[in-house]
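Q: This is the structure, below, for whatever I ask next.
Taken together, the values in this text are just the output of simple stated rules run on the coordinates, not laboratory data. Since the structure is predicted, the reported quantities are computational estimates derived from the model, not experimental observations. Reconstructed Cβ throughout: ideal geometry from the backbone, glycine too, with neighbour counts over all protein chains shown.
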Amino acid sequence: MRQKLPVTSAILTNRFERRTFVLGALQGGVGLLLAARLGYLAVAQNEKYQAASESNRVNLTLIPPRRGWVLDRFGNALAANRADFRVDLIPDRVDDPDKTMATLAGLLSLPPDKVRDIRDKLDKARGFQPVEVASSLDWDKFAAVSVRLPELPGVIPQRGYSRYYPAGASVGHLVGYVGAASAEDYEKERNPLLITPGFKIGKDGLEKHFEARLRGVPGARRVEATASGRIVRDLGTREDVPGKPIALTINAGLQDYAARRIGLESGSVVVMDCETGDILAMASMPSFDPNSFSDGIGRVEWKMLSEDDHVPLRNKVLRGLYPPGSTVKPMVALSFLEAGLDPNASVGCAGGLRVGNRVFHCWNRRGHGSVDMAKGIYQSCDVYFYHFAQQIGMDKIAAMARRLGLGQEFPMPYPGQSYGTVPDPAWKLRKYKKEWAVYDTVNATIGQGYMLVNPLQQAVMASRIASGRQVMPKLLLDRNAPPVKSMGFSQEHLDYIHAAMSEVVNGRGTAGKARIPVDNVLLAGKTGTAQVVGLNIANGKSGAWKYRDHGHFICFAPFDKPKYACAVVIEHGGGSGAAYPIARDVMTYIFAPDKAMAVLEEFEKQWGGNVQQRMAARYNSFAAKYGESAPKPVPDDEDLTEQVEEGRKPAEEPATAQTDAAAPPPEPEQPAPAVAAPPPPAPPATAPAGGQ
Amino acid sequence: MPRAYVPAAIARQPWGVLLPLMALVSFGAAVLDSAAGGRFETWSMSHLLRFVVFLIMAMVIARLPQELFRKMALPVYGVLCLLLVLVELIGGIGGGSQRWLNLGFMTLQPSELMKPGIVLVLAWFYSVLPIGETQSWRALFPAAVLLGIPAGLVMLQPDLGTGLAISFGAVVVMFLAGLPLRWFLGAGAAGLVAAPLAFFFLLHDYQRNRVLVFLDPESDPLGTGYHITQSKIAIGSGGLIGKGFGNGSQSHLNYLPESHTDFVFATMAEEWGMLGGLFVLVVFWLIFRWGLKVARNAPDRFSRLLAAGMTMTIFFYMCINLMMVMGLAPVVGIPLPWMSHGGSSMMTNMICVGTIMAVERWSRAGPRSLS
């Protein structure tokens, strides 16, 4: 046993040498281990690490693609792109938001309410979602920010393209608008393009519906960048592929004219080609300016839009529901004809009709005398329709209403159309568990009661009556579309209705002032005045705006060879007198734009400028009043969408069954008993003033 | 070397170590030049200057007689312990951990000096310990105290890396001094048991985190695992012959942290590839072979333990550093001798080399001990 032996120096030396050898071997072993590890990393796994090193070194910056244009039928731009300089903030990279914003506000001369808006967004933004500070900058301001970059981390100045809507508010509801992608959008798509500064996605309308087509393919810039993101050099750039354009059936000039002509009223105008179904104009006013929406919605603007009782955020063409009033009468008359009623069959109108133990009044309490079908239409005699509707029955009338487009949902590229109601006995039983009553038929034949339609449906109805073809509203231009097939109505019947509708305007009818000032073109139309509340609350003509009657007018031209159909709805306009002058001028624009423009310019002088000027003035007064202290903070994207939806909810359908006859509101023009020129009605110039 | 053609003063120098050292330092300077983006004066200049200064210091140490080493061993050790206490006090007063003393003209890190210091004092201790006592507890207990004081103080700082380096030097000296093998085996076994306990109860959170990240670097690619991941990418992307001098993207674009200090090997391997790495390993092997050869040929027990202990101290630096940069060990702040930029480690390593050179000179001057 070694331990028992006395340990000597020699033993220790020997032990030292052996142990030194062990340590040497240990060193050698470690050396081999390290060499092996080195070989494993550098040779065996070389490819993997080389790829990792490349992905470190090379930074890919996406270049937002130029968005596809939206064009009208003649190739004019409804939505285009324009080159601009812009400045964005990446919230994650900003060190001191207050200081950064103060510097930027100074450099870009931002007003205080805009600064507050940006601060709010900055606080809400998540991670790398960029926040727009300013766009459409001039070179001087852009350069001023660019040179101060080293002290402004997270600020990204760049040149790019921004969306531009030449017609502004006129196409707001038609085209929609774009905006920075929200966190929700990013969750859904997980596309890095969405969080690229300057990139916008469609938020509403066509911009949203055709997002995939309009978007295009982003370009990319490859740069060598340091770990802290500083760019060392450019490695190459791939150009973006612009999105594809969309050509619409819209006539840009007509669209703009229609929107402007609505003026101070709240309403909508739809113009269709009644042979093909092409929608030539589809305006809902007041509206929002998609240009300023696309830059993000400021607090003042939001306050201005959300507090307006004219609901600028609702697209009234598709989401506004109204009792159509007397505009259904040509449709009802056509159903009578198709059911075999002789148009010469007359009824005596003494201002009312007793049904059971109740008297249903005609709008003209003095009565129309002997009324046949033509007179029933051009004088809008209610008693004629009360009488024969009972004879023909509601089912036939309802079938015709649906056949002509009422109550129908059309395949349009917009979400959530309100398609309203065409009531019939089966519907009432289903909805209210109540039997259909005579007064229901009576109400329905004059477009009151349960009947609710939207302006697009009225335009379709006008088109189908005008051309006798089964036109569907079309918004996308298709020059090779097959001819629309006939509805199968007897041409004789149509001619009869057309003649009666022409008489409305050009003869002894209710809208003599709607005659258009163009030689050889006669307009045919039908007025409608729809009651909003019972006569016990308001008379429908004056008083509180929201209790006034809706004004309707449907028409087509030329009367003998129908080509264009139009529907106008003016909410609370006080009657059809608010609607038909607009229809007249819009139809005039198609045949004689100069004459129509002259009329419009005269009106705009009285209204205080065109749409842009009026909106700017309104904005300034709001900004002066509330400034940055606008109480309602700007909603973030998700909230905004919700609130816009909220603003769009159509007028509610009656929750309870109506049990009474609607008293028909008087038509605006006094009926002219003879062919003589109609007595002068209230001048159109003052009519719109009632809306304010 | 044919001495006839070379002046004696030059021929006498220990070229066996000086040439590898110069090769390593020059190579280090080249790598630092590239790491600084091609600016020589940023790091390479001071790197070379320090080497020259500390080489002169090592030459001076090499000329000191063995007697002086023996006499100074305990006082030097005592002074270093005092300095460690002083650092601890200043750190305590200043709030937070402090590892260095500001001497005005330079900052002194006593724990660095303790690495050769512990080897020196233990070599002295075992050289004065009667041979018969080496197998008894009297050989262990004083050594444990001598090690325990500085190691404890350094760990308190807390500086785990340096603490382990000091302990490693001490254990190597004790092992070579001929203490019974079963003690080491027993301590090793106890260590295996204690390590998990220490991991959970003794380590600071950040230290524990480092170990965890070492075991799975991808778990925290942007945090603590970032260092290891980026270092592996640098070495791995270098391949066999590297990306070429000045072309290392990992270091130049700042993805590799500490590219001029702790991770200088990764910087080098990215640009010089596996061949550069093998060159460094071979040079180190030459230096260690020289050190152990000097130790084996040393005339007496003191110088033998001294030379071997110093060699192993340098080895520990290299070993831990390279294992760390290649992802074989957790991240501990230990630089690579003669390549990393940094004065303290250069000084420590040159003291070690100077001491080994002194031992070499003693063995040439005096006759080899018969025992």
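Q: Filter the chymotrypsin sites (Phe, Trp or Tyr not before Pro) in region B:263-371 down to the DSSP loop ones having no more than 14 other Cβ atoms within 10 Å, then list what survives. Don't jump to the answer; show the numbers that get you there.
A: Details: sites: B:263, B:265, B:272, B:279, B:284, B:285, B:288, B:290, B:302, B:315, B:316, B:317, B:338, B:362; in loops: B:263, B:338.
When the chymotrypsin sites (Phe, Trp or Tyr not before Pro) of region B:263-371 are filtered for loop state and at most 14 Cβ neighbours within 10 Å, nothing remains.
Q: Ignoring solvent entirely, what values of log10 I(q)/I(0) come out of the Debye formula for region A:344-442 at 0.16 Å⁻¹ when each Cα is a single scatterer?
A: Relative scattering, expressed as log10 I(q)/I(0), comes to -0.80.
Q: Please list, in chain and number order, the residues 5+ apart from residue A:564 or on another chain whose amide H is under 5 Å from its amide H, with Hs placed from the backbone.
A: Hits under the 5 Å cutoff: A:274, A:557.
Q: Nearest 500 deg cm²/dmol is fine: what mean residue ellipticity at 222 nm does chain A get from its DSSP H runs of n ≥ 4 alone, each adding -39,500 (n - 2.57), divided by its residue count? Spell out each step's value before the answer.
A: On the way: 25 runs with 263 residues, N = 692.
After summing the helix terms and dividing by residue count, I get -11500 deg cm²/dmol.
Q: With Kirkwood's inverse mean 1/r over C-alpha pairs for Rh, give me the Rg to Rh ratio of region B:99-187, two decimals please. Provide the component values of the computation, followed by the final result.
A: Details: Rg = 14.5 Å, Rh = 13.9 Å.
My calculation puts Rg/Rh at 1.05.
Q: What relative contact order, as a whole-number percentage, does region A:33-171 give when Cα pairs under 8 Å and 6 or more residues apart are counted? It would help to have the intermediate numbers written out before the result.
A: On the way: 156 pairs, mean separation 49.3, N = 139.
So the answer I get is 35 percent.
Q: Now, a different point. For region A:502-548, what is the largest minus smallest coordinate of the Cα atoms on each principal axis, given in angstrom and ordered from greatest to least?
A: Principal-axis extents of region A:502-548 (Cα, largest first): 45, 16, 12 Å.
Q: Per residue of region B:76-85, in order, report the coupling 6.51 cos²θ - 1.76 cosθ + 1.60 (Karplus, θ = phi - 60°) as ³J(HN,Hα) in whole Hz, putting x for Gly and Pro.
A: Result, ordered by residue: 4, 4, x, 4, 4, 4, 4, 4, 4, 4 Hz.
Q: Report, in debye and to the nearest 20, how large the dipole of chain A comes out about its Cα centre when Lys and Arg carry +1 and Asp and Glu carry -1 on their Cβ. Don't jump to the answer; show the numbers that get you there.
A: Numbers: 82 positive and 75 negative charges, 380 e Å.
Around 1820 debye, computed over chain A.
Q: Going by how many other Cβ atoms sit within 10 Å of their own, how do A:516, B:356, A:465, A:201 line up, fewest first? Intermediate results must be reported in sequence, preceding the final value.
A: Details: A:516 25, B:356 31, A:465 28, A:201 21.
Ordered by Cβ neighbours within 10 Å, fewest first: A:201, A:516, A:465, B:356.
Q: Would you pull out the residues with amide H under 5 Å of residue A:178's amide H, same chain only if 5 or more places away, H placed 1.01 Å from N?
A: For residue A:178, whose amide H was placed from the backbone, the distant partners under 5 Å are A:203, A:294.
Q: Something else about it: Give the relative contact order (percent, whole number) for chain B; include only Cα pairs under 8 Å separated by 6+ residues.
A: Details: 507 pairs, mean separation 91.7, N = 371.
Relative contact order here is 25 percent.
Q: What fraction of the Cα pairs in region B:245-371, stated in percent, has a spacing above 19 angstrom?
A: Numbers: 4285 of 8001 pairs.
Counting every Cα pair in region B:245-371, those more than 19 Å apart make up 54 percent.
Q: Something else: Which residues' amide hydrogens lie under 5 Å from the amide hydrogen of residue A:361, considering only partners 5 or more residues apart or on another chain, with H built in the peptide plane?
A: A:353
Q: For region B:1-84, what is the per residue volume of the convex hull drawn over the alpha-carbon atoms, in cubic angstrom? Please report the intermediate quantities before stating the final value.
A: Values: hull volume 11.8 nm³, N = 84.
In region B:1-84, the Cα convex hull volume per residue is 141 Å³.
Q: Still on this structure, I have one more. Summing Lys, Arg as +1 and Asp, Glu as -1, what charge do residues with Cβ under 12 Å from the Cβ of residue B:179 carry, residue B:179 excluded? Present the calculation step by step, with values, prior to reporting the outcome.
A: On the way: positive: A:15, A:19, B:138, B:182; negative: B:133.
Surrounding charge for residue B:179 is +3.
Q: Which is the longest run of chain B containing none of the trypsin sites (Lys or Arg not before Pro) found in DSSP loop states (not H, G, I, E, B) with at most 14 other C-beta atoms within 10 Å? Kindly include the intermediate steps, with their values, before the conclusion.
A: Values: sites that count: B:12, B:39, B:368.
By the stated rule (loop sites, at most 14 other Cβ atoms within 10 Å), B:40-367.
Q: I want to verify the translational diffusion coefficient of region A:69-164 in µm²/s; compute it with Stokes-Einstein, Rh as the Kirkwood radius over Cα pairs, at 4 °C and 1.567 mPa s.
A: On the way: Rh = 14.3 Å.
Using the Kirkwood radius from Cα pairs, D works out to 90 µm²/s.
Q: Could I ask something else about it? Starting from the Kirkwood radius over alpha-carbon pairs of region A:235-342, derive D by Stokes-Einstein at 4 °C in a medium of 1.567 mPa s and give it in µm² s⁻¹. Walk me through the numbers before you get to the answer.
A: Numbers: Rh = 17.7 Å.
Rounded, D is 73 µm²/s.
Q: Any chance you could list P(r) for region A:507-596, counting all Cα-Cα pairs in 5 angstrom bins from zero, rounded to whole %?
A: 3, 16, 23, 20, 14, 10, 7, 4, 1, 0
Q: Kindly state, to the nearest 0.05, the FRET efficiency for residue B:211 paired with residue B:6, given R0 = 51 Å and r defined as their beta-carbon distance. Intermediate values should be presented prior to the final figure.
A: On the way: r = 52 Å, r/R0 = 1.02.
The computed FRET efficiency comes out at 0.50.
Q: So which GluC sites (Glu not before Pro) in region A:419-516 end up in coil per DSSP with only 12 or fewer other C-beta atoms within 10 Å?
A: On the way: sites: A:435, A:492, A:503; in loops: A:435.
Sites meeting the loop and neighbour criteria: A:435.
Q: Taking the Cα centre of region A:167-222 as origin and charging only Cβ (+1 Lys, Arg; -1 Asp, Glu), how large is the dipole, in debye to the nearest 20? Walk me through the intermediate numbers first.
A: On the way: 9 positive and 7 negative charges, 64 e Å.
The calculation lands at about 300 debye.
Q: Determine the relative contact order of chain A: mean sequence separation of Cα pairs under 8 Å and six or more apart, normalised by residue count, in whole percent. Don't skip to the answer; put the middle values down first.
A: Numbers: 1420 pairs, mean separation 99.2, N = 692.
Once normalised by length, the contact order is 14 percent.
Q: Still on this structure, please answer the following. Quick one: 3J(HN,Hα) in Hz for region B:173-185, Karplus 6.51/-1.76/1.60 with θ = phi - 60°, rounded, Gly and Pro as x.
A: For region B:173-185, the Karplus-derived couplings read 5, 5, 5, 6, 5, x, 5, x, 4, 5, 4, 5, 4 Hz, x marking Gly and Pro.
Q: Over region A:1-88, what lengths in whole Å, largest first, do the semi-axes of the equivalent ellipsoid take, defined as the square roots of 5 times the eigenvalues of the alpha-carbon gyration tensor?
A: On the way: eigenvalues 1261, 36, 16 Å².
Ellipsoid half-lengths, sorted descending, are 79, 13, 9 Å.
Q: If the viscosity is 1.567 mPa s and the temperature 4 °C, what translational diffusion coefficient in µm²/s does Stokes-Einstein give for region A:117-168 when Rh comes from Kirkwood over Cα pairs?
A: On the way: Rh = 13.0 Å.
Rounded to a whole number, D works out at 100 µm²/s.
Q: What does the charge dipole of chain B about its Cα centre add up to, to the nearest 20 debye, if the Cβ of each Lys and Arg holds +1 and the Cβ of each Asp and Glu holds -1?
A: Dipole about the Cα centre, nearest 20: 1460 debye.
Q: Can you give me the orientation-averaged projected area of the convex hull built on the Cα atoms of region B:281-333, in nm²? List each step's numbers first, then the result.
A: Working: hull surface 15.9 nm².
Result: a mean projected hull area of 4.0 nm².
Q: Mind checking the log10 I(q)/I(0) for region B:222-314 at q = 0.14 Å⁻¹? Debye, one equal scatterer per Cα, no solvent, two decimals.
A: With one equal scatterer per Cα and no solvent, log10 I(q)/I(0) is -0.61.
Q: Taking the Cβ of residue A:250 as the centre, find all other residues whose Cβ is under 13 Å away and add up their charges (Lys, Arg: +1; Asp, Glu: -1). Could the numbers behind the result be given before it?
A: Working: positive: A:73, A:474; negative: A:72, A:256, A:273, A:278.
Spelling it out: positives minus negatives among the neighbours equals -2.
Q: OK, next. Counting every Cα pair in region A:273-315, what percent are over 13 Å apart?
A: Result for the distance tail: 62 percent.
Q: Continuing with this model, one more query. List the aspartates and glutamates whose alpha-carbon lies under 14 Å from that of residue B:293, not counting same-chain residues fewer than 8 positions away?
A: Residue B:293 reaches A:17, B:360.
Q: Above 36 angstrom, tally the Cα pairs of chain B and express them as a % of all pairs, no decimals.
A: Values: 16632 of 68635 pairs.
Across chain B, Cα pairs with separations above 36 Å total 24 percent.
Q: Restricting to Cα atoms and excluding each atom paired with itself, what does the Kirkwood estimate give for the protein assembly as shown in Å? Spell out each step's value before the answer.
A: Numbers: mean 1/r = 0.0272 Å⁻¹.
In the protein assembly as shown this quantity evaluates to 36.7 Å.
Q: Which peptide among A:344-357, A:273-286 comes first, and what is the full order, when sorted by highest mean count of other Cβ atoms within 10 Å? Present the calculation step by step, with values, prior to reporting the outcome.
A: Values: A:344-357: 14.2, A:273-286: 25.5.
Descending mean neighbour count gives A:273-286, A:344-357.
Q: Using θ = phi - 60° and the Karplus form 6.51 cos²θ - 1.76 cosθ + 1.60, what ³J(HN,Hα) does each residue of region A:188-201 get, whole Hz, x for Gly and Pro?
A: 6, 9, 6, 9, x, 4, 5, 9, 7, x, x, 7, 10, 10
Q: Moving on to the next point. Residue by residue through B:246-258, how many Cβ atoms from other chains fall within 10 Å of the Cβ on average? Provide the component values of the computation, followed by the final result.
A: On the way: counts 0, 0, 1, 8, 6, 0, 4, 11, 6, 7, 3, 1, 0.
Going residue by residue through B:246-258 and averaging, the value is 4.
Q: Write down, largest first, the equivalent ellipsoid semi-axes of region A:395-541 in whole Å, where each equals the square root of 5 times an eigenvalue of the alpha-carbon gyration tensor. All intermediate terms of the calculation are to be shown ahead of the outcome.
A: Values: eigenvalues 152, 106, 53 Å².
Ellipsoid half-lengths, sorted descending, are 28, 23, 16 Å.
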